[in-house]
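Visitor: Next up is a structure, given as structure tokens.
Since every read-out is calculated from the coordinates, none of them should be taken as a lab result. Being a predicted model, the structure only gives us computed values, none of them experimental. Every residue, glycine as well, gets a Cβ built from its backbone with ideal geometry; the counts of neighbours run over all protein chains shown.
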Amino acid sequence: MPAQGVESPPPAAAPAASAFALGDGRDWSRISPRHTWSRGLSATLWAVPCAVAGGLAGWRNGGAVGAAVLVAIVLVALAAVWTVAELTRRSYGYAERDDDLVLTHGVFVRRLVVVPYARMQFVDVTAGLVDRWTRVATVRLHTAAAATDARIPSLPAAQAAELRDRLANRGPQGLWP
């Protein structure tokens with residue numbers, strides 16, 4: 001029992017995961033499961049010509065064994081891309097709070113980004129060819145800080161448009177018409 005006037009030591013530190021918790025009882029909003037398909041399909045469209053070219057080059061220089069090795073390398077890399085795309089999808093989360101947007105992501109290195117609405121300059125929505133095929137879009141927040149990585153990939157297109165409008169309405173007065 002501590003002596004009078006002596007404070008007890010603080011409780012043990014919470015796990016590292018608590019550093020990435022919202023802390024106000026809210027849950028993270030997640031990106032679409034189509035993220036994995038969008039990234040995997042993009043990688044596959046690059047991998048097929050690479051595997052063909054590598055297989056032909058391997059065949060010409062090393063015979064069937066050389067071709068098989070190069071094609072196997074491409075296939076292993078492709079499987080890794082699909083796996084990391086799924087892990088990335090699971091790691092992404094965002095939450096709209098009263099004064100800021102909070103993003104978390106990262107498979108190997110976890111990040112938490114807080115973007116105050118007052119610092120936003122504009123909100124951008126983009127969708128490449130494969131994103132349009134899989135009906136997803138990326139919402140990107142631009143601030144004066146070039147290092148801000150405030151993007152939410154692979155939201156369903158309608159949800160991305162709604163988020164863009166909500167964020168634009170929360171921006172600083174005078175910047176949004």
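Visitor: With only Lys, Arg, Asp and Glu charged, each at its Cβ (+1 for the first two, -1 for the last two), find how big the charge dipole of the range 28-177 is about the Cα centre; round to the nearest 20 debye. Write down the numbers at each step before the final one.
Guide: Working: 17 positive and 10 negative charges, 49 e Å.
In total the dipole reaches around 240 debye.
Visitor: Divide by every residue of the chain the summed helix terms, -39500 (n - 2.57) for each DSSP H run of at least 4, and state the resulting mean residue ellipticity at 222 nm, rounded to the nearest 500 deg cm²/dmol.
Guide: Values: 3 runs with 77 residues, N = 177.
About -15500 deg cm²/dmol.
Visitor: Enumerate by residue number the trypsin sites (Lys or Arg not before Pro) in the range 100-177 meeting two conditions: DSSP loop (anything except H, G, I, E, B), and at most 16 other Cβ atoms within 10 Å of the site's Cβ. Please report the intermediate quantities before stating the final value.
Guide: Values: sites: 110, 111, 119, 132, 135, 140, 151, 164, 166, 170; in loops: 110, 135.
Filter output for the range 100-177: 110, 135.
Visitor: Can you sort 155, 22 from fewest to most other Cβ atoms within 10 Å of each residue's own Cβ? Walk me through the numbers on the way to the answer.
Guide: Values: 155 26, 22 14.
Least to most surrounded, the residues fall as 22, 155.
Visitor: Bin width 10 Å, origin at 0, all Cα-Cα pairs of the chain: what percent of pairs per bin?
Guide: 9, 26, 26, 17, 12, 7, 2, 1, 0
Visitor: For helix 157-170, report the angle its Cα long axis makes with the longest principal axis of the Cα atoms of the chain; keep it between 0 and 90° and round to the nearest 10°.
Guide: 30
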